[in-house]
Amino acid sequence: MCATCGCSAQDGNNSVTIRLVKPGLQHFQNLKPVQNEDHLHADEHPHKHPDHTNQHQHNEGNKKISLEIDVLAQNKLAAVRNRGFFEGRNMKVINLVSSPGSGKTTLLEKTLVQWKPGVPVYVIEGDQQTDNDARRIAKTGVKVVQINTGTGCHLDAPMISNALHELNPEFGSVLFIENVGNLVCPAMFDLGEQARVVIMSVTEGEDKPLKYPHMFHSSDICLINKTDLLPYVDFDMDKAISYVYRVSHVQDCLPVSATKNTGLENWYRWLSNLLAQNSSQVTAKVQAL
Ligand SMILES: Nc1nc2c(ncn2[C@@H]2O[C@H](COP(=O)(O)OP(=O)(O)OP(=O)(O)O)[C@@H](O)[C@H]2O)c(=O)[nH]1
Ligand SMILES: [Mg+2]
C-alpha cells in the first residue's frame, strides 16, 4: 500500500481485495497470510496440516483487508468544490495522466502552440520535484504553476484549489493539469476535472491497460504516443487498442507522435469538441473508483 495516499482503498467499503497469484497457474493460490510467517505457504508446500483440504487450498486466494481511511472522501469534497469553481467560470479542465516519461509535457508543448481554441489557456504541472516541466511550458507563453508533491505520488483536489488561487483563470478558459507520472495513484484522485486523458507510449509495452486497468477505466480518451518508434520496438498496436477497450469505455484511442506531429489533428479535434460543449452538457464526474 502507498502510505502517502492510501491508494489501495476502494470506494464505498474502504476495503481492498488482494490476490496472491503464482505465475502460470490458473487458480489463485492458497497463500494465506497468518501471524506466524512459517505458515505463509502455497498449496504445494511439503508439509500437511489436518485442516488443509483441497477446497481450502483453492478458495482462499482473495483476501479482504479493511482499511480505515478517509483520504479519498476528503478529496472528493474538495473535487466537488473545484468542479463548481470550474463550472462557475465556464472552464474546461483536462487532467493528463500517464507513467513517467510517456510524453505528457511534450504533448502539452505541442498542443499549446498548435491548437488554437480562441480562449485563454492555463497549465498546472505536477511532479515530485523540480520545475523542469513548468519551465518548458512557460516557454510557450502560457501561464503555468508547478506543484511539487515531495514524497506524494499524485495530485489531489486541494492542491489544485491552491494552484487556482495563483492562476486566477479567466472566464471561459481552458486548464490542462499534468499529473505526476504514475499509472496507479492518480486514478483514485478526482481533481474536479471534466475530462481525463491517459497517455501510454509504445516503449512501455502493449499490456499496460491490463496491468493498470483503473487508470484506463477512469479516463475519457487514450493517446498512444511515440508511434515514430514503432519500427524499433516490439509493440502490437492492435493488441494495445483492444486491451484499452477491454478495461475501459474511452471515447477514442488515438495513436500519435508528439515529437513528429503525427496524429495530433485527431487530438485537437477531440479537444475542440470538448470545448464546444457548454458546461452543463459536460457530465459532472464524481469518480467512482
Ligand atoms: N520518439 C519520441 N519521443 C518522445 C515523444 N514524446 C515524448 N518523447 C520523449 O520522451 C521523453 C519524455 O517526455 P516528456 O514529455 O518529458 O514525458 P512526461 O510524460 O512529461 O514525463 P514526466 O513528467 O517525467 O512524467 C523526452 O525525451 C521526450 O522527448 C514522441 O512522440 N516520440
Ligand atoms: Mg512531464
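The values are calculated or read from the model by the stated rules, or taken from the named source; none is laboratory data. Bear in mind that the values here come from a model prediction, so they are computed numbers and not experimental data. When we count neighbours, we look across all protein chains shown, and the Cβ atoms used for this are built from the backbone with ideal geometry, even at glycine. Just the protein is used for accessible areas: all its heavy atoms, side chains included, with ligands, DNA and RNA removed. Shrake-Rupley method; radii C 1.70, N 1.55, O 1.52, S 1.80 Å.
Assorted remarks:
- Unmet criterion (only one of (1) surrounded by 24 or more Cβ atoms within 10 Å (Cβ to Cβ); (2) within 15 Å of ligand 1 (Cβ to nearest atom)) for residue 192: (2)
- Segment 163-184 residues that are over 14 Å from residue 125 (Cβ atoms) and within 16 Å of ligand 2 (Cβ to nearest atom), paired with ones that are at pLDDT 95 or above and among the small types (Gly, Ala, Ser) (beta carbon under 6 Å, 6 or more apart): 183/99
- Restricting 101, 88 to those that are free of Cβ contacts under 8 Å to residues at least 40 places away in the same chain and either in contact with a Leu (Cβ under 7 Å, 6 or more places away or on another chain) or open to solvent by 40 Å² or more (accessible area, probe 1.4 Å) (or both) reduces the list to 88.
- Tally of residues being open to solvent by less than 40 Å² (accessible area, probe 1.4 Å) and part of a strand (DSSP E or B) across segment 124-168: 7
- Being free of Cβ contacts under 8 Å to residues at least 12 places away in the same chain, of a type outside the set (Gly, Ala, Ser), over 18 Å from residue 123 (Cβ atoms) and open to solvent by 10 Å² or more (accessible area, probe 1.4 Å) is a description that applies to residue 273.
- Among the residues listed as 260, 239, the single one being within 14 Å of ligand 1 (Cβ to nearest atom) and either part of a strand (DSSP E or B) or open to solvent by 60 Å² or more (accessible area, probe 1.4 Å) (or both): 260
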